[in-house]
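Below is one structure, written out as structure tokens; comments come after it.
The values are calculated or read from the model by the stated rules, or taken from the named source; none is laboratory data. In this text the structure is predicted, and so the values were computed from the model without any measurement. Because the Cβ atoms are built from the backbone with ideal geometry, glycine has one as well, and the counts that use them run over all protein chains shown.
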Amino acid sequence: MKVILQNLTKRFPNRNRKIHTEVVAVNDFSFEIPDGKLIGLLGPSGCGKSTTLNLISGLEKPTSGKIFFGEDDVTNLPPERRGVGLVFQNYALYPHLTALQNIMFPLGNLKGDQKLSKEEMVEKAFEAAKLVQIDGLMERKPGEMSGGQQQRVAIARALVKRPRILLLDEPLSNLDARLRLQTREEIKRIQRETGITTVFVTHDQEEAMSISDLIVVMKEGVIQQIGAPQEVYDEPKNLFVAKFLGTPPINVFSGEIRGNRLWIGGEAILSTRPLPDQKVKITIRPEGFLPKEDGALSLDLIGIEVMGRDTTVVSKHPDCENVEIRSIISSETRIDTARSNVRFEIKPHKTFVYDPVTEERIDFLKEEDHG
Amino acid sequence: MGKNNLKAWLYLLPAILFLGAFMVYPLIDVLIYSAEEGYNSASQTYFGVGLYNYSYVLHDPYFLQAVKNTFILVIITVPLSTGFALLISLALNSIKWLRNLFQTIYFLPYVTNTLAVGLVFMILFKKNAYTDGLVNLMLRLFGAGPVDFIDGPYAAKMFVLCFYTIWVVLPFKILILTSALASVKQDYYNAARIDATPKWRIFTRITLPMISPMLFYLVITGFIGAFKAYSDAVALFGTDLNAAGMNTIVGYVYDMLYGDSGGFPSYASAAALILFAIVLTITCINLIISKKHVHY
Amino acid sequence: MDHRSEFDRIERNAKIRKTVFKVVVYALLVFWAFMVLFPFYWMILSSVKSYSAYNSEHIPKFFTAEPTLQNYFDAFEAVSLGRYFLNTFLFTVITTSVMIFVIVLAAFAFSRLDFRGKSLVFTFFLALMMIPNELVIITNFQTITNLGLRNTFLGLILPSVTSVFYIYLLKENFEQIPEELYKAAKVDGTSDLKYLLRVMIPICRPTLITVTILKVIECWNSYVWPRLITDDEAYFLVSNGIQEIRENGFGRENIPAMMAAVVVISVPLIILFLIFHKKIMAGVSRGGTKG
């Protein structure tokens, strides 16, 4: 099922009644979710991603704009008639019901022709339970299950009525690190097996990157960038996206373009295509640094952190916004920690330049560097 | 939105109907009653409007006796019951063995019928033609003469009433204070012990401040409850409390309303409003004091 | 000076002090337990003494060699104790169940539904909590009398089927149920009423049980209102029955029979308490008021 969001806007009255301005949670949001894909909605907390999810599920009505499931306009349909499955961060299982009863609960609401016999309901519940591999725990109550098991029950409950769309609201946030990795793979597998169009909300960029076919980066209710995870990582459209994606975070320098070169402090680090002279923000991914005796950029060395597979060089620079600059280099390269500074050559494809005011990207690469 | 509104009001309807008929309307009505002079229950007529009912009640010797009784009862039972409950709770909190058994026993009076157990107390304290009663026998062991606690001197009757009232209110207070004491974190006590703080200082500087909100809650509800004393007195002295000289303000209200001396809802209303004013004043004073002293 | 013996002495002193403290504490606790239990013991003891034995004891005995159940038969025969019992039972069951119905609906509206004027109405409800019963009972007495409902069950029950305090208690409890549960149910097409019945009530069952028990105790022991509203013995509750027995029953001096009646009346609640004492005590410490 394809989902189309058309100029979706949601405004809330301000919590403080004396202030009459409204809070815009989602602003002119237009986007098409292709059929059978897993979409990651990504952004810091309060960016409107959960509101977007609630709009799709029908729990909230948009102030303006339209929502289509396939060809059907569902904008004014109440949630129960949209056929969506919803999974919450805290699982939202009914504490007094067993896993089986929880999974069967949505089926009990069916009316008329769709009404199922008890046997059919149990059968369907077990089908869904098998899919998430908890069919051995059906008689347990939520309190007797681990967080990971509860989340599987919640997913089974969302899947049991064969929803047209599956919505997951931060489903992994309450799990510990190891379970999170495991469940993330599980969700990916279930989504592939069922082929249900899935929207996944998270604030964790690593999670979104690893699981999604497409990610949507949001900030303050506005879409910043849509694309395949690698594409968004490699070509961040604006400074926000560049800063938001990647661990360790990207290193941001105040620099300038002068004489078709990129300058940080007094050092020209790269040459550019013909561009007018201007102040810019220069961002370099941690993996964009290459240690070289005669490298263009000199940084004040603080120390190194050996991780085994690679090494993190921690350093400082007066023009850098980050407290510490982190660059990841191959562990075979030796850094002399007795010295007070270290020199790097900068990889042009790991470097992005942004206008300091609009924060939009400026393409500085020369023709021959593209592609 | 409109549909939702209607549905919500439908859910609220029973509560609103009952509260309206039996709380809000009576509240307004009691003010009206108290101002209607010479109201006659039978003909439902009255002469005029004014403060005469208040004046009548305030000059009625039975009412003044009831006020005196109630105030004595409040002044004696509230501090004594709260203090004794605290003592017992502290004792309970310092033991492990049999603690649950004691707690359960202490709570027993809460679930018993005040009237029923009152009868037992009456028998224990009463002196009649056949026997002086158990309490008097005990007194004789200490060389004191037999006293009729139920029909005898005022002080003796007041003593029984206070004693029974304390017996009745203790379960609730012990329960609340025990759970308040149990919720004080052991860490504080451990820290104090490491600093070699003496026990008394631990009590006054740690325990008391920590349970002070609950203590004040008990004092405030204790005052309110004691001012409304009635059925304990009925249990001990029978329904004709005026004759026994042991009436309470609430008892006076009911007697004015119904019973042998009843049929005067206007006087009853005036008396009830006077009681409400007294309770409200005392509660406000309590709240002001607690603001100054309670540590949250 | 031997350090060893010095240390022993200190240790011994501390031990003695601790033992003395323990003895004092237990003495106090046993004393009060005795004070609490003694009236119950006395009531049972007196109820099994025969009438003649009781009255011949100028110095009451603390036990009896010949227990008899005769007083219990007397109690049921001389006054309509069985009738009072049945009345109280009916009154308690009906009042409690109607109240639960009323407060569940109201608490649900306040906790789960959005409607105009909600906070205003709720504030108004809270304000009603401060109104003492004594103030409204006068008009209620008149109302019930004017409606001709004296000496009827309806008259007994009507004024006590709502409790603002319990609505408040239940609403707070309902609100602790995570919002997500409601959303999940909505997405699955669950109606509000079904959500209330299938999800909220089962989850909040402990609170509902607490409220029920507290109300049952209140009903069983209620005295003032029944006394005002009934003078026909056919509608007496146990409290009024006790009072009636005391003033007019058994020729005044048949105390063993009186005690038998008292035992019979007290037993149901004591049994209820012995079964549910943990629940009752937890419930009272959370939401009870008395005294």
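See the values below:
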| quantity | calculated |
| --- | --- |
| Every pair of residues 6+ apart whose Cβ atoms lie under 7 Å, when the first sits in segment C:134-150 and is more than 9 Å from chain B (Cβ to nearest Cβ) while the second is among the β-branched types (Val, Ile, Thr) and in a helix (DSSP H, G or I) | C:Ile144/C:Ile229; C:Arg150/C:Ile144; C:Arg150/C:Ile229 |
| Count of segment C:161-180 residues which are more than 30 Å from A:Asp169 (Cβ to Cβ), within 11 Å of another protein chain (Cβ to nearest Cβ) and either part of a helix (DSSP H, G or I) or among the β-branched types (Val, Ile, Thr) (or both) | 5 |
| C:Ser111 being buried (at least 16 other Cβ atoms within 10 Å of the Cβ) and within 12 Å of chain B (Cβ to nearest Cβ) | yes |
| Among the candidates A:Phe364, A:Phe344, A:Phe352, residue that is surrounded by 15 or more Cβ atoms within 10 Å (Cβ to Cβ), touching a strand residue (DSSP E or B) at 6+ places or on another chain (Cβ under 7 Å) and in a loop (DSSP other than H, G, I, E, B) | A:Phe364 |
| Tally, over segment A:117-157, of residues that are aliphatic (A, V, I, L, M) and either touching a Pro at 6+ places or on another chain (Cβ under 8 Å) or more than 19 Å from C:Ala184 (Cβ to Cβ) (or both) | 5 |
| Options B:Tyr106, B:Tyr54, B:Tyr62; residue that is facing chain C (nearest Cβ under 8 Å), part of a helix (DSSP H, G or I) and modelled with pLDDT of 85 or more | B:Tyr106 |
| Residue that is farthest from the other protein chains (Cβ to nearest Cβ), among those in segment A:61-82 that are in a loop (DSSP other than H, G, I, E, B) and surrounded by 19 or more Cβ atoms within 10 Å (Cβ to Cβ) | A:Pro62 |
| Some residue of segment A:253-270 being touching a helix residue (DSSP H, G or I) at 6+ places or on another chain (Cβ under 7 Å), closer than 23 Å to A:Tyr233 by Cβ and either of a type outside the set (D, E, K, R) or outside the structural domain of A:Glu206 (by TED's automatic domain parsing) (or both) | yes |
| Output for segment C:1-38, where each listed residue is surrounded by 13 or more Cβ atoms within 10 Å (Cβ to Cβ) and either over 23 Å from B:Gly83 (Cβ atoms) or small (Gly, Ala, Ser) (or both) | C:Ala33 |
| Complete set of residues in segment C:213-230 that are more than 9 Å from chain B (Cβ to nearest Cβ) and either without any contact (Cβ under 8 Å) to a residue 40 or more places away in the chain or surrounded by fewer than 18 Cβ atoms within 10 Å (Cβ to Cβ) (or both) | C:Glu218 |
| Condition met for A:Leu181 (touching a Ser or Thr at 6+ places or on another chain (Cβ under 9 Å) and modelled with pLDDT of 90 or more) | no |
| Unique residue being modelled with pLDDT of 90 or more and surrounded by fewer than 19 Cβ atoms within 10 Å (Cβ to Cβ) when the list is C:Leu197, C:Leu156 | C:Leu197 |
| For C:Lys49: the one exception among (1) closer than 11 Å to C:Ile255 by Cβ; (2) in contact with a Phe, Trp or Tyr (Cβ under 9 Å, 6 or more places away or on another chain) | (2) |
| Among the residues listed as B:Ile278, B:Ile274, B:Ile285, the single one being out of contact with any His (no Cβ under 7 Å at 6 or more places or on another chain), in a helix (DSSP H, G or I) and either hydroxyl-bearing (Ser, Thr, Tyr) or away from chain C (no Cβ under 12 Å) (or both) | B:Ile285 |
| Neighbours by Cβ (under 6 Å, 6+ apart or cross-chain): first from segment A:104-117, within 11 Å of chain C (Cβ to nearest Cβ); second part of a helix (DSSP H, G or I) | A:Met104/A:Met121; A:Met104/A:Ala125; A:Leu107/A:Met121 |
| Residue match in segment C:112-122 (condition: under 21 Å from B:Leu17 (Cβ atoms), at pLDDT below 90, of a type in the set (Phe, Trp, Tyr) and assigned by TED's automatic domain parsing to the domain that holds C:Tyr195) | yes |
| Test for C:Asn151: is it out of contact with any strand residue (DSSP E or B) (no Cβ under 7 Å at 6 or more places or on another chain), in the same structural domain as C:Lys183 (by TED's automatic domain parsing) and buried (at least 18 other Cβ atoms within 10 Å of the Cβ) | no |
| Qualifying residue in segment A:134-153 (condition: within 24 Å of the chain's Cα centre (by Cα), part of a loop (DSSP other than H, G, I, E, B) and surrounded by fewer than 22 Cβ atoms within 10 Å (Cβ to Cβ)) | no |
| Residue match in segment B:129-148 (condition: within 21 Å of B:Thr239 (Cβ to Cβ) and either at pLDDT below 80 or hydrophobic (A, V, I, L, M, F, W, C) (or both)) | no |
| In segment C:41-72, the residues that are farther than 18 Å from B:Lys126 by Cβ and either part of a helix (DSSP H, G or I) or within 24 Å of the chain's Cα centre (by Cα) (or both) | C:Ile44, C:Val48, C:Ser52, C:Ala53, C:Gln70, C:Asn71, C:Tyr72 |
| Test: A:Ile269 is crowded, with 19+ Cβ neighbours inside 10 Å and within 19 Å of A:Lys366 (Cα to Cα) | yes |
| Qualifying positions in segment A:203-230 - more than 9 Å from the chain's Cα centre (by Cα), small (Gly, Ala, Ser) and crowded, with 19+ Cβ neighbours inside 10 Å | A:Gly221 |
| Those residues of segment B:268-287 which are surrounded by fewer than 20 Cβ atoms within 10 Å (Cβ to Cβ) and of a type in the set (S, T, N, Q), in sequence order | B:Thr281, B:Thr283, B:Asn286 |
| Residue identified as under 19 Å from B:Lys96 (Cα atoms) and in a helix (DSSP H, G or I) among C:Val36, C:Val25 | C:Val25 |
| Helices (runs of 4 or more DSSP H) within segment B:172-256 that include 1 or more residues within 11 Å of another protein chain (Cβ to nearest Cβ) and out of contact with any strand residue (DSSP E or B) (no Cβ under 7 Å at 6 or more places or on another chain) | B:199-202, B:208-227, B:231-237 |
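Condition check ((1) part of a helix (DSSP H, G or I); (2) within 26 Å of the chain's Cα centre (by Cα); (3) without any contact (Cβ under 8 Å) to a residue 40 or more places away in the chain; (4) under 22 Å from B:Lys228 (Cα atoms)) across all residues:
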residue: B:Leu13; (1), (2), (3), (4): yes, no, yes, no
residue: B:Gly20; (1), (2), (3), (4): yes, no, yes, no
residue: B:Phe71; (1), (2), (3), (4): yes, yes, yes, yes
residue: B:Ile76; (1), (2), (3), (4): yes, yes, no, yes
residue: B:Gly83; (1), (2), (3), (4): yes, yes, yes, yes
residue: B:Leu124; (1), (2), (3), (4): yes, yes, yes, no
